[in-house]
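The values are calculated or read from the model by the stated rules, or taken from the named source; none is laboratory data. None of the values given here were measured: they were computed from a predicted structure. Glycine also receives a Cβ, built like all others from the backbone with ideal geometry; neighbour counts cover every protein chain displayed. Ligands, DNA and RNA are excluded from the accessible area calculation, which covers all protein heavy atoms including side chains. Shrake-Rupley method; radii C 1.70, N 1.55, O 1.52, S 1.80 Å.
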Amino acid sequence: MSYSHKTKEFKSTLHQEEASSAAELIIANKELLFQNQEKEARAAELVIANNELLFQNKEKENRVIELAFQNSEKEKRAAELVVANIELAFQNEEKEKRAAELIMLNQELTYQNEVKDQFAFELKQAYKKIRKADEYLKEHMKSLEQMTFMTSHRVRKPVANIIGLTGIIGDFINSPAQLKRLINYIKLSATSLDMFVTEFTLFIGELEKKGIAASDFTTQSITDDRDVNRHIA
């Protein structure tokens, strides 16, 4: 086989590899598009959660208004009770009845204050969870984008080099010096690929640790909620 024929064959192989790489790049772009769609879906979910939080804030404001109204009613009742005691001092039974009504109002007010405190705490915890989830989601999306970049840029070149060099190494079987150079190039590409694998493994490990930390935060938040609810109850 002539040298020109081998060169043509090698170029044909390179074209095929480039076509294969282009196909892989298309697949990677489709995967990235899918991930972006997932990101948009998560963002939509976050918008829904924020709307729910706004609704809960409005409900809290309504509760505060109702509580203020009830406090005003309590003051009116207390004033009426004072007037009734002055005007009907001799009616002890009526006085005791109004006092009992006042005690019931105070108990209701105490209960409503406890409900308000519990609701405020739950709202605060929900906001912390949403904020933490949003931070983790943003960081996770950045990590996925970094993984895509690493795999598409750090792997393709050394693999393409190794494939290309192994395809022509047979042409220099009778040229030890040139053969040695080719082997050294292959070693360099393999070393680069090995360094990337090590770096990628560490990167995945750190990503898993962050995921575990986010899971622990959610579990701890649920436990804290249960403890507070038990204390209020």
- [ ] From (1) at pLDDT 85 or above; (2) in contact with a Lys or Arg (Cβ under 8 Å, 6 or more places away or on another chain); (3) not basic (Lys, Arg), pick out the condition that doesn't hold for residue 88.
- [x] (1)
Open item on the list: From the list 147, 141, exactly one residue is touching an Asp or Glu at 6+ places or on another chain (Cβ under 9 Å) and in contact (Cβ under 8 Å) with a residue 12 or more places away in the chain. Which is it?
Closed with: 141
- [ ] For the stretch 82-90, indicate whether the set of residues that are among the charged types (D, E, K, R) and more than 41 Å from the chain's Cα centre (by Cα) is non-empty.
- [x] yes
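Let's see how each residue does on (1) without any contact (Cβ under 8 Å) to a residue 24 or more places away in the chain; (2) in contact with an Asp or Glu (Cβ under 8 Å, 6 or more places away or on another chain); (3) surrounded by 12 or more Cβ atoms within 10 Å (Cβ to Cβ):
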residue	(1), (2), (3)
161	no, no, yes
175	yes, no, no
182	yes, no, yes
200	no, no, yes
Open item on the list: Restricting to the stretch 72-95, give me the number of residues that are in a loop (DSSP other than H, G, I, E, B) and surrounded by 12 or more Cβ atoms within 10 Å (Cβ to Cβ).
Closed with: 2
Open item on the list: Name the single residue that is modelled with the lowest pLDDT among those in the stretch 20-71 being of a type outside the set (Ser, Thr, Tyr), open to solvent by less than 60 Å² (accessible area, probe 1.4 Å) and within 30 Å of residue 161 (Cα to Cα).
Closed with: 22
Open item on the list: With the structure loaded, tell me whether residue 157 is open to solvent by 50 Å² or more (accessible area, probe 1.4 Å), within 27 Å of residue 11 (Cα to Cα), at pLDDT below 85 and assigned to a helix (DSSP H, G or I) or whether it fails that test.
Closed with: yes
TODO: Give just the number: which of (1) of a type in the set (Phe, Trp, Tyr); (2) free of Cβ contacts under 8 Å to residues at least 24 places away in the same chain; (3) more than 14 Å from residue 63 (Cα to Cα) does residue 127 not satisfy?
DONE: (2)
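So that you can scan it fast, the table gives a plain yes or no per residue for (1) under 30 Å from residue 133 (Cβ atoms); (2) in a helix (DSSP H, G or I); (3) not hydrophobic (A, V, I, L, M, F, W, C):
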| residue | (1), (2), (3) |
| --- | --- |
| 169 | no, yes, no |
| 178 | no, yes, yes |
| 182 | no, yes, no |
| 187 | no, yes, yes |
| 193 | no, yes, no |
| 199 | yes, yes, yes |
| 202 | yes, yes, no |
| 205 | yes, yes, yes |
| 209 | yes, yes, yes |
